[in-house]
Structures are given as C-alpha cells and as structure tokens.
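Before any comments, here is the structure.
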Amino acid sequence: MLERRPVHLALKILNIQQDDLVLCQDFTFVATINPVLYEKAVPILIDSEPDTLNMCPSALRKAIVENIAQGKKPKSVIAVHLYGMPAKIRQIKKICDEFEIPLVEDAAEALGSKVRDQYVGTFGDISIFSFNGNKIITTSSGGALVTDNSEWADRARYMASQSKENVPYYQHNDIGYNYAMSNLSAGIGCGQMEVLQERIDARRSIYARYEEAFAEVEGITFQQEYGFNLSNRWLSTIRFDCRFGDAFPFDLKKALDREGIEIRNMWKPMHLQPICSGLEKVSTKSRMLTEELFYSGICLPSGSALTKDEQEKVIDSIKKKVYGHHSEFSIPARHSVV
Ligand SMILES: *Cc1c(COP(=O)(O)O)cnc(C)c1O
C-alpha cells in the first residue's frame, strides 16, 4: 500500500520498541536508520561486502550470533539495495529465517531491479519502496509498503490513518500517524509507472557509457552486477583505488563543482555519523569496507534526462583530473582495488 513513511510503519508493525536491537546496513542513506532512532531502538551497523556493496551476510550472521550469546536477540534486520544494486538478499533472508528474525527489505532506490527473475522488494517479510523526488520514479514524496501478511497490511493501513477504529465515532486505541499518501500523489505515481521501464533503460545505458569510457583508466573500478542480478542503475558509481589516496574523491568533487558538474560522494557510512556515535558496528574485517567506500567512491550524474553531450563533458572532465593525478604520481599498471 502507498504510504508516506514506509520504513517507520514497517518498524511499528513489527512492534519495535525502546532498546530493541535492529540490525541495519551501515552503508545507507539516513532514511533507513532514522525510524529506528525515532522508536529509541538500537541500530547495530552491519558492514558491506565487496560484490554488491550491500549488507555482508557473514557479518550479519556474526552480529546475530554474538548478540544472542549475550542474551539479546535482535528484533529485526533492515537490508538495503543501494544505488539500485540488489543485495545478496537470498542469503540474508535465509539467515533471518534460520534465526526467526523478520526482514525489512529497503528497496527505496531499487524499483525494477531483479535478483535473477525476481524483482527486489518481494524478498522481505516487509519491503519498502520510495517515490521521493530524487528516486527513479516519483510522487514528489512518499513510498510504498509491501507484505504478504494480510494482518500486517491491515495494521499498516490502520496506523497510517491515525489508528481510527472502525466504529461510527472517533475512537483511538493506539497512537496513529498521518502517513497515508494523498490521492493526488498516488495518481502521479500511476502515471509514473508507465515510464519506469524507459527510465531504467535510460539509466542503464548511462551506466554502460561510463563503464565503456572509464574502462581504459587505470585504478577506476565499477559497481558491477553480481551473478545474474540486474540493477536499475539508479545511480552510476565508480571507485578510485588506493593509489589515488583518501582525499581524491573530495578533491575531484571540488574541481568538478567549479565546472558546474555535480558529482556526489558515496554515502557516508552511518557509523561515522554523529547521530550513530557509540553504536555497535559489526564486520568480518579489521577496517569497515563501508569506510573505504566513502573515501574511494563517487556517484556520477545519472539522471534519466542527462543528454549524451552532458555525459561526454562529465567523462572528459573526470578523465582530465584522473590523468593529471596519474602523471603527477606516475601510477603503475592497473591492479585490483584495496
Ligand atoms: C530515499 C530512501 C528512503 C526513503 O526516503 P524518504 O525520504 O523517507 O522517502 C529510504 N531508504 C533509502 C536507502 C533511500 O534512498
């Protein structure tokens, strides 16, 4: 159903309360974490794996086992398909099922992406989509909550409309929310669904052009599709390997800003955010991969309306900076990333 705050509603349906543990992806946009904090529950931040840059199933298992051993069973897992790239969601779901922990699948950025033949947003016990202004299709704000559990679906509808009981007068036994999407927005969304495939095609060809253009550049790597997965390529991202140094993406952003080209740093991981200070983070490595991603990665201009000429300008500008950097430090032949 269509809702304005689907992640928050998902947590309310799962009855997440103060001090409950919620295992969250460390590498995400803050919209995934904030609803956990609204409820005064405790996010535990799970590292990413290098194939999809999303939640690492081994780190997830480790976090579950360690917390259960300390007598605290996590109440929920929230996994994300970042930049449209499907996470290892089958493995994640299997682990959740094994420990009987409900999975919330945050497919906000990944409408239309697939794991083999199955669309993302259909793996979680509850899945959510976002139609916020910057997403691949938009209703200006809001999103959708998807579940096979009809009791939960009814509960979501009820809570989204101020928890009004089904009696002739206004009766409220639970705290409710004004989270229902307006008919006007929903109407826009229905129209947008018609252009979804076009948008995906456009974004996928933008990614393909970037990959082709940067393939020759030593030290640039791509967020490639893993296995037989398909990404909607909401955002095209690239990474600069360790030879460039931790400051390069930030310097590049400053330089391109001056030329009127907007690139973005990759998401700054949640464990580096002041609102998450002191929270437990779990990895199978000594340094969080999510931190490396922040210091090595950028999101390229990827809007469906980006023209070929605009994209070539972006490519030229980045190549100039990269080759400038290369010659300065005489970088040796390409080898694999950190
Ligand atoms: C956009 C987004 C959301 C939802 O954001 P809203 O502004 O609440 O619609 C949730 N998770 C991720 C990863 C997102 O990118």
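Contact list please: Cβ distance under 9 Å, first residue in segment 78-95 and on the phi > 0 side of the Ramachandran plot, second residue among the β-branched types (Val, Ile, Thr), pairs at least six apart or on different chains. Every condition considered, the pairs that remain are TYR83/THR237; GLY84/VAL120; GLY84/ILE136; GLY84/ILE200. Is there any pair with a first residue in segment 119-140 that is among the acidic types (Asp, Glu) and a second that is open to solvent by less than 20 Å² (accessible area, probe 1.4 Å) and within 12 Å of the ligand (Cβ to nearest atom) whose Cβ atoms are under 8 Å apart and which are 6 or more apart or on different chains, and what are they? So the pair list comes out as ASP125/VAL104. Examine segment 208-215 for a residue that is in contact with a strand residue (DSSP E or B) (Cβ under 9 Å, 6 or more places away or on another chain), open to solvent by less than 40 Å² (accessible area, probe 1.4 Å), under 19 Å from GLU312 (Cα atoms) and not polar (S, T, N, Q), and state whether such a residue exists. Yes. Scanning segment 196-207 for residues that are closer than 21 Å to GLY143 by Cα and open to solvent by 40 Å² or more (accessible area, probe 1.4 Å) yields GLN197, GLU198, ARG199.
Of all the criteria given as (1) under 25 Å from GLY142 (Cα atoms); (2) more than 12 Å from the ligand (Cβ to nearest atom); (3) of a type in the set (Lys, Arg), the one not satisfied by ARG5 is (2).
Give the residues of segment 118-134 that are buried (at least 20 other Cβ atoms within 10 Å of the Cβ) and part of a loop (DSSP other than H, G, I, E, B), sorted by residue number.
VAL120, GLY121, PHE123, GLY124, ASP125, PHE131 - these are the residues of segment 118-134 that are buried (at least 20 other Cβ atoms within 10 Å of the Cβ) and part of a loop (DSSP other than H, G, I, E, B).
On the given criteria, is VAL77 more than 27 Å from SER304 (Cβ to Cβ), open to solvent by less than 10 Å² (accessible area, probe 1.4 Å) and within 15 Å of the ligand (Cβ to nearest atom)? The answer is yes for VAL77.
Scanning segment 274-293 for residues that are in contact with a strand residue (DSSP E or B) (Cβ under 9 Å, 6 or more places away or on another chain) and in contact (Cβ under 8 Å) with a residue 60 or more places away in the chain yields CYS276, LEU279, GLU280, LYS281, VAL282, SER283, MET288, LEU289, THR290, LEU293.
Condition check ((1) in contact with a Leu (Cβ under 8 Å, 6 or more places away or on another chain); (2) away from the ligand (no atom under 16 Å from the Cβ); (3) touching a residue at least 12 places away in the same chain (Cβ under 8 Å)) across all residues:
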site	(1), (2), (3)
MET1	yes, no, yes
LEU11	no, no, yes
GLN18	no, yes, yes
LEU21	no, yes, yes
SER48	yes, no, yes
CYS56	yes, yes, yes
LYS72	yes, yes, yes
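Taken together, ILE33, ILE95 contain a single residue that is hydrophobic (A, V, I, L, M, F, W, C) and within 15 Å of the ligand (Cβ to nearest atom), which is ILE33.
When every residue of segment 102-117 is checked against the conditions, at least one turns out to be part of a strand (DSSP E or B), more than 16 Å from the ligand (Cβ to nearest atom), surrounded by 20 or more Cβ atoms within 10 Å (Cβ to Cβ) and not hydroxyl-bearing (Ser, Thr, Tyr).
The values are calculated or read from the model by the stated rules, or taken from the named source; none is laboratory data. All figures in this text were calculated on a predicted structure; none of them were measured in a lab. Every residue, glycine among them, receives a Cβ derived from its backbone with ideal geometry; neighbour counts consider all protein chains shown. Note: areas computed on protein heavy atoms with side chains; ligands, DNA, RNA excluded. Shrake-Rupley method; radii C 1.70, N 1.55, O 1.52, S 1.80 Å.
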